[in-house]
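Comments concern the structure below.
The values are calculated or read from the model by the stated rules, or taken from the named source; none is laboratory data. Just so we're clear, the structure is a prediction, and the values are computed from it rather than from any experiment. Note: ideal-geometry Cβ built from the backbone for every residue, glycine included; neighbour counts use all protein chains shown. With ligands, DNA and RNA removed, areas are computed over all heavy atoms of the protein, side chains included. Shrake-Rupley method; radii C 1.70, N 1.55, O 1.52, S 1.80 Å.
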Amino acid sequence: MRTSPMTLPEMARYLGISPATLACAICNRGTLEKVPLPAAVDDEVPLSRRCWASQEVRQFRQAMMRARRGEVK
């Protein structure tokens with residue numbers, strides 16, 4: 001399993017969405033399908049250089065898939 005941080009394009013690819021959709025969600029709402037996005041490792045850097053912890057992205061993907069299926073955590 002991957003343990004290194006993910007960039008925005010890598011995270012978008014892993015989640016199966018476009019990088020533009022993910023960037024808009026980060027900038028505007030902070031959620032996708034009503035699931036809060038994981039926090040970036042460093043929010044101080046520009047969006048194009050931010051990274052997210054792989055474990056948090058995996059957990060977010062699982063929560064997003066549960067939301068799509070209508071399951072409650």
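Tell me, which residue of the range 36-49 that is loosely packed, with under 10 Cβ neighbours inside 10 Å and among the charged types (D, E, K, R) is nearest to Met65 (Cα to Cα)? Looking at residues that are loosely packed, with under 10 Cβ neighbours inside 10 Å and among the charged types (D, E, K, R), I get Asp43. If the condition is being open to solvent by less than 60 Å² (accessible area, probe 1.4 Å) and either within 17 Å of Arg13 (Cβ to Cβ) or assigned to a loop (DSSP other than H, G, I, E, B) (or both), then the range 50-65 contributes Arg50, Cys51, Trp52, Ala53, Ser54, Val57, Arg58, Phe60, Met64. Scanning the range 25-35 for residues being free of Cβ contacts under 8 Å to residues at least 24 places away in the same chain and either open to solvent by 70 Å² or more (accessible area, probe 1.4 Å) or under 19 Å from Thr3 (Cα atoms) (or both) gives a total of 3.
This table checks each residue for (1) small (Gly, Ala, Ser); (2) part of a helix (DSSP H, G or I); (3) on the phi > 0 side of the Ramachandran plot.
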{"residue": "Glu10", "(1), (2), (3)": "no, yes, no"}
{"residue": "Ile26", "(1), (2), (3)": "no, yes, no"}
{"residue": "Asp43", "(1), (2), (3)": "no, no, no"}
{"residue": "Ser48", "(1), (2), (3)": "yes, yes, no"}
{"residue": "Ala67", "(1), (2), (3)": "yes, yes, no"}
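Taken over the range 1-24, the criterion of being surrounded by 13 or more Cβ atoms within 10 Å (Cβ to Cβ), within 20 Å of Arg68 (Cβ to Cβ) and of a type in the set (Gly, Ala, Ser) is satisfied by Ala12 alone.
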